[in-house]
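Note sheet for the following structure.
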Amino acid sequence: MDFSAVPLFQAIPQLTDQLSRSSSVTFRVLDPDPYLGHYAGEELEIGGQTFLFHPLRVWMDLADRLDCHMRVPERDGPFLKITFQKKETRQRDRTLSSNTEKYGAQSEFQRIHKLEEPYFLLDAIQALRSLDLPAEARILDLGVNSGEELRLLDLAYPGNHFEVLGLDHSESALNIARGRFPQHRFQVADINALPEDLGTFDLILSIGTLQSANIEVEPVFRRLLKHIKLGGHWLLAFPNSRYSGGEISYGARMVNYREPELSLLFKDVAFFRRYFQKHRYSVNVTGKYYILVTARSLSRV
């Protein structure tokens, strides 16, 4: 198939038809490299012929939307050959969220490295830096799991002396975290029933935890309020993605929805944003595959 002069809305039905009958499809497009700076769908006159420009991002996004891997393109003169390969169908993980080892040391979850995703890495570092944390801040990390995200603290604040308490319900994941960060403290805990003796913190951090099916978001948050210092800050991240076949795929999912459905994500983000703004916080909402709610206290310590 040759899509070098075909609008996307005409190419998609042909691709979906081919993928319904085969595990892969190969097609030709105009090589975008010589024409960078044009917009998707912009016409280009080349050698008396009309072609349509599409940046590589368009084909990568389309592969994601069609639940395919996009193979590395092959050059073919002024064109590229692109192959979409369908991802293997995998059974949904039906392990109950209440199972403490659903995200434990031996789980599929441990293959995921969020800090290797540019949007998450750069947005999270920027969010942390914007909080201007004191040199010896106390930090509570809810759902810390194996602790990978704690590297963000060192990247945002090199040479810090933070006191970190990480809570999670998986003992095996916490054992990994203890090996990575022996200077911090980790504790098995049910986030729905937080211990009373946690103390207070300069920052409460939660990456991809508060959206979990077994978390009672609003009651948990209201209990957390007693553990934030006057002048303390919040950084909460909500997944707007899923991981499948070794790749991150855009868009929050709901049970029984095949395609992204963002209503619950918007509801949670709006709840926190509204609360923080009413209680003297400066709030930023950023991100792509993870939506970050950064709340910087405007109250004086």
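The values are calculated or read from the model by the stated rules, or taken from the named source; none is laboratory data. Nothing here was measured: the structure is a model prediction, and the numbers come from that model. With ideal geometry, Cβ positions are generated from the backbone for all residues, glycine too; neighbour counts draw on all protein chains shown. Heavy atoms of the whole protein, side chains included, go into the accessibility calculation; ligands, DNA and RNA do not. Shrake-Rupley method; radii C 1.70, N 1.55, O 1.52, S 1.80 Å.
Per residue, the chain reaches -7500 deg cm²/dmol at 222 nm when only DSSP H runs of four or more residues are counted, each adding -39500 (n - 2.57).
Each Lys and Arg adds +1 at its Cβ and each Asp and Glu adds -1 at its Cβ; summed about the Cα centre, the range 27-185 shows a dipole of about 540 debye. Local charge for Val220 was computed over the other residues whose Cβ lies under 13 Å away, with Lys and Arg +1 and Asp and Glu -1, and equals -1.
Quick one: accessible area per residue over the chain, 1.4 Å probe, rounded to a whole number of Å²? Show your work: numbers first, answer last.
Numbers: 16330 Å² over 301 residues.
Accessible area per residue, the chain: 54 Å².
Apply the a/c threshold of 1.5 to the C-alpha gyration tensor of the range 180-293 and tell me whether it is rounded, prolate or oblate. Prolate, because a/c is 1.5 or more and a/b exceeds b/c. Note that the chain, at 20 °C in a medium of 1.002 mPa s, gets a Stokes-Einstein diffusion coefficient of 99 µm²/s from its Kirkwood radius over C-alpha pairs. Considering every Cα-Cα pair within the range 107-184, what fraction, in whole percent, is farther apart than 16 Å? The share of Cα pairs beyond 16 Å in the range 107-184 comes to 52 percent.
Could you give the size of the charge dipole of the chain about its Cα centre, using +1 on the Cβ of each K and R and -1 on the Cβ of each D and E, expressed in debye and rounded to the nearest 20? Intermediate values should be presented prior to the final figure.
Working: 36 positive and 38 negative charges, 159 e Å.
For the chain, the charge dipole is close to 760 debye.
Looking at the chain, the DSSP beta bridges with both ends there are about 60 percent antiparallel.
Using C-alpha pairs below 8 Å separated by at least 6 residues, the relative contact order for the range 119-195 is 30 percent. Each Lys or Arg adds one and each Asp or Glu subtracts one; over the other residues with Cβ under 12 Å from the Cβ of Arg180, this totals -1. Under the criterion of Cα pairs below 8 Å and six or more residues apart, the relative contact order for the chain equals 12 percent. Here's the list of lysines a cross-link from Lys278 could span, going by alpha-carbon distance under 26 Å and ignoring same-chain residues fewer than 8 apart: Lys226, Lys229, Lys267, Lys288.
Over the range 1-134, the hull volume per residue, using the convex hull of the C-alpha atoms, is 187 Å³.
When the convex hull of its Cα atoms is viewed from all sides, the range 225-278 shows a mean projected area of 5.4 nm². Per residue, the average separation of C-alpha pairs within less than 8 Å and at least 6 apart gives the range 1-120 a relative contact order of 22 percent. Which one, His227, Ala189, Ala135, projects farthest toward the positive side of the charge dipole computed for the chain from Cβ point charges (K/R +1, D/E -1)? Towards the positive end, the residue furthest out is His227. Just the protein heavy atoms count here, and of the accessible area of the range 133-231 at 1.4 Å, carbon and sulfur take up 51 percent. Taken over the range 154-195, the percentage of Cα pairs per 5 Å bin, counting from 0 up to the bin with the maximum distance, is 5, 22, 26, 22, 14, 10, 2. Expressed as a whole percentage, what fraction of the accessible surface of the range 14-55 belongs to carbon and sulfur atoms when a 1.4 Å probe is rolled over the protein heavy atoms? Roughly 46 percent, rounded to a whole number.
Volume of the convex hull of the range 123-262 (Cα atoms only), normalised per residue: 133 Å³.
Selection among Gly246, Val269, Phe27 by position relative to the dipole of the chain gives Val269 as farthest towards the positive end (Cβ unit charges, Cα centre). Its alpha carbons considered, the range 1-62 gives a radius of gyration followed by a Dmax of 12.2, 36 Å.
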